[in-house]
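Undergrad: This is the structure, below, for whatever I ask next.
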Amino acid sequence: MNWADMAVVGRIARAHGLRGQVILNAETDFPEERFQPDAELFIERGGHVEALRIATVRFHRDRPVIGFRGVGTMNDAMALSGQELRVPADRLTALPANVFYRHDLVGCRVVTTAGAEVGVVTGVEGTMGGSRLVVAGAAGEVLVPFAAEICPEIDPPGKRIVIDPPEGLVELNARSG
């Protein structure tokens with residue numbers, strides 16, 4: 001499996017308890033579907049992709065608390081802290097029209113309807129209910145609300161997003177990166 005071709009679905013925040021469980025920071029809008037017993041997730045260690053199979057799952061304050069097969073102690077779980085969890089892109093749930101995975105938006109060029117270059121998407125913050133694009137622009141990082149009124153044209157295969165921002169939005173939301 002090629003690590004670069006896999007989609008990020010979460011990060012292991014820290015060990016939880018004495019039995020090898022971990023708390024995840026989910027990076028998916030579908031955590032209840034993604035994090036199920038017997039689901040296979042992948043980490044990269046020492047340049048090698050390793051599979052982890054979920055043994056137990058529960059949610060605490062909307063965060064998954066996961067037990068992996070073969071991870072039975074706090075020390076085992078601590079060794080996983082900070083690891084990014086990924087799945088092959090072909091295992092992602094099909095999305096309805098005009099809904100996009102974050103990894104499909106990262107790397108897209110952002111231009112205004114007037115043709116001005118804003119920058120390149122480096123990340124997406126928030127949830128399905130309220131997201132914003134993090135764009136690396138010439139003057140620093142720009143935050144662009146990911147809303148249909150502001151982003152009328154989204155073309156992930158063409159790596160291009162056209163925005164129609166209200167006057168001053170780009171400058172107002174610029175933050176030095």
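Undergrad: Within the range 102-125, track down each residue that is closer than 21 Å to VAL87 by Cβ and small (Gly, Ala, Ser).
TA: Within the range 102-125, GLY107, GLY123 qualify.
Undergrad: A further question on this structure: Mind checking which residues of the range 107-162 are of a type in the set (Asp, Glu) and outside any strand (DSSP E or B)? Don't jump to the end; show me each part of the working.
TA: Filtering the range 107-162 for residues of a type in the set (Asp, Glu) gives 117, 125, 141, 149, 153, 155.
Answer for the range 107-162, where residues must be of a type in the set (Asp, Glu) and outside any strand (DSSP E or B): just GLU149.
Undergrad: Is it the case that the range 72-82 has a residue that's touching a Leu at 6+ places or on another chain (Cβ under 9 Å) and either surrounded by fewer than 18 Cβ atoms within 10 Å (Cβ to Cβ) or over 12 Å from ILE12 (Cβ atoms) (or both)?
TA: Within the range 72-82, one or more residues are touching a Leu at 6+ places or on another chain (Cβ under 9 Å) and either surrounded by fewer than 18 Cβ atoms within 10 Å (Cβ to Cβ) or over 12 Å from ILE12 (Cβ atoms) (or both).
Undergrad: From the list GLY107, GLY123, GLY130, which residue is open to solvent by less than 20 Å² (accessible area, probe 1.4 Å) and not aliphatic (A, V, I, L, M)?
TA: Working: GLY107 fails: open to solvent by less than 20 Å² (accessible area, probe 1.4 Å); GLY130 fails: open to solvent by less than 20 Å² (accessible area, probe 1.4 Å).
Going through GLY107, GLY123, GLY130 in turn, just one is open to solvent by less than 20 Å² (accessible area, probe 1.4 Å) and not aliphatic (A, V, I, L, M): GLY123.
Undergrad: Which members of the range 1-22 meet the condition of being hydrophobic (A, V, I, L, M, F, W, C) and either closer than 14 Å to VAL57 by Cβ or open to solvent by 90 Å² or more (accessible area, probe 1.4 Å) (or both)?
TA: Within the range 1-22, the subset hydrophobic (A, V, I, L, M, F, W, C) is 1, 3-4, 6-9, 12-13, 15, 18, 22.
Residues satisfying the conditions are MET1, VAL9, ILE12, LEU18, VAL22.
The values are calculated or read from the model by the stated rules, or taken from the named source; none is laboratory data. For clarity, every value in this text was computed on a predicted model and none was experimentally measured. Glycine gets a Cβ as well: all are built from the backbone with ideal geometry, and neighbour counts include every protein chain shown. Note: areas computed on protein heavy atoms with side chains; ligands, DNA, RNA excluded. Shrake-Rupley method; radii C 1.70, N 1.55, O 1.52, S 1.80 Å.
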